[in-house]
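The values are calculated or read from the model by the stated rules, or taken from the named source; none is laboratory data. Worth saying up front: this structure is predicted, and the values here are computed from it rather than measured. So basically every Cβ, Gly included, is an ideal-geometry build from the backbone, and we count neighbours across all protein chains shown. Side chains are part of the model used for accessible areas, which takes the heavy atoms of the whole protein and leaves out ligands, DNA and RNA. Shrake-Rupley method; radii C 1.70, N 1.55, O 1.52, S 1.80 Å.
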Amino acid sequence: MKKNLYIVLLMVVAPLSAQTHVTFPHPDTWTAAELAPYVGQIITFDQPVYVCNNYYSSLTVSLHRIMSPTNQVLPGSTAYTNLLTLNSNAGVALSGLSDYHRMGEVFTGLTVKVNSTGSLTYISHTALVGTRDDLQAVPSVDMRDTHNLLVCALNCEYYLVENLGTGYGPDNAAQSTRQHTKIMDALARIRADVYGFMEVEQGQSALRKLAESLSASTGRTYTWVNDGGSPSGSYVKTGYVYCTDVVRTYGELQNNNTGVSNRKKLQAFEMLSTGERFIFSINHFKAKSGSALGADADQGDGQGSYNHSRTIEAQSVLSAYHGNINYFGDEDILIMGDLNAYAKEDPIRTLTDGGMTDLHRFFHADSSYSYTFHGQAGYLDHALCNATLLPQVTGMAAYHINSDESDSYTYDKSSDLTMFRCSDHDPVLVGLKLGATIIDNSIPDASAANASITVTGGAPVIRYADGGYFIIHTLTGLLVAQGDISGAEYTVPHTLTSGLYIVNIYVENTSVRRKVRIL
């Protein structure tokens, strides 16, 4: 009897205590269907697990961050269709967690009960990165050198200081105060020298309040560029705020009213210390939403409605730039703003075909994002520059304080006064070292073009790139590792699993992208 009872107890306890460590061979193309052999079991993922969507009582997780298809591949292409299918099958619901989690958080050592191929129950994890605590510091834009000018662009999600209660933006004074407090918490941390804003209230009151609040909170002196528009109104525009301790405006603001009015502008800024100058183009293109006819109708290729109008707006940005080079006396241009188009869509390719470099891709390959829609991450908030400004760019980064946050933390749904979810778009930061071509003369023989990459025991070894910087991504854009390269033969302190990877290497004013296969 005792023996039989002992056996019965083992049958009950053993399945609950057993943990199967699982390594999925192709995390870049992983789908939830691969959980089928483990239904009813407790497993530990031996790979990072990403939060791809956040709900009140459950999360959606995947072995890779789910990216917006047209941020990665050409609209309407076979690759686009394939990525749509991959995205729809990648996420699985994770329940059993009562605390708040952001999209973009990464679990390591995640142990779960597999209820079905679409449902997991949380048991434990060993580490978690990408939390709010990890975002207290503003991301560095000194990837290639130390900047002497910091530029920030932010869509403020209908920032109003008057004319409240129109159905857009704050409905009352209390909401307006919370909106302002949350936005200012972000801006004061960033401490940019020049800000370009989208969705700020028409007239000068909104820009004036932002400038005065920045001055009070940072101890620096900020002012705004008066565009001479309507004195007030609940509708929104783009605008500039800048630190007069560092820069001054050069020439008059130039409005480009092709398409949507008051949302595409040019202004040159000049550094007080050096007299170096650049043109800052801030833009907010027509939105994807709404029903459109004719050429603007949704073509079903992932670009949404009004793609034709946005493409015309992109063409007008190039035309306005070329038409004002002589007026501003400088050809260096930085184009930023909410262009309402992902990286591979027609408006952005119009700009890159016109000679502009996409700084998201230049510095972060396919992993960059600033906006999340239905759990899919991509960037609508762009930073591009021309060939003469590119050697003066130290780096760029999106500050992920908004896109990964739950909508329940907005000023109208919460009493939260922190910077998190102060808007639905992330601030985008660009570091400039105006007047300098970023070259380190102490390593004249180092060049990205001469760099070689081999793999030893799964660890990449980079040669002939001393003093440079590397970024490694999977083919689907998942960031694997990044950091400084030191020494003529540098071993990346990260072991890669089998698969294909993209390695970007930046040395002096050169860059190269190489593909590496790990067997």
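Which aspartates and glutamates, if any, have their Cα less than 18 Å from the Cα of LYS113, not counting same-chain residues under 8 positions apart? In chain and number order, the partners are GLU34, ASP46. Rounded to the nearest 20, the size of the Cβ-charge dipole of the chain about its Cα centre is 1040 debye, with Lys and Arg at +1 and Asp and Glu at -1. Using the Cβ-Cβ distance between SER452 and SER205 with R0 = 45 Å, the FRET efficiency computed as 1/(1 + (r/R0)^6) comes to roughly 0.20.
In this label model, ALA287 and ASP412 are separated by 1.1 nm, measuring between points 7 Å along each Cα→Cβ vector. For LYS288, the lysines whose Cα comes closer than 29 Å to its Cα, not counting residues fewer than 8 places off in the same chain, are LYS182, LYS237, LYS264, LYS265, LYS344, LYS413.
Per residue, the solvent-accessible area of the chain (1.4 Å probe, heavy atoms of protein chains only, all protein chains present) comes to 40 Å². Ligands, DNA and RNA left out, the 1.4 Å accessible surface of the chain is 52% carbon and sulfur atoms. Plainly put, the chain has a radius of gyration that is 1.00 times its Kirkwood radius, both from alpha-carbon atoms, as the Rg/Rh ratio. Each peptide in 493-501, 374-382, 108-116, 308-316 receives the mean, over its residues, of other Cβ atoms within 10 Å, and ordering these scores from highest gives 374-382, 308-316, 108-116, 493-501.
Oblate is the label for the range 299-441. Its Cα gyration tensor axes, ordered a ≥ b ≥ c, give a/c of at least 1.5 and b/c at or above a/b. The P(r) of the range 335-391 has a tail past 18 Å containing 27 percent of all C-alpha pairs.
Extension gain for ASP171-ALA295 works out to 41.0 nm (0.36 nm per residue, less the C-alpha to C-alpha distance).
For the peptides 43-50, 132-139, the ranking by packing is 43-50, 132-139, with the highest mean count of neighbouring Cβ atoms within 10 Å listed first.
A dipole drawn for the chain from +1 and -1 charges on Cβ atoms has a positive end, and of SER176, THR81, LEU207 the residue lying farthest that way is THR81.
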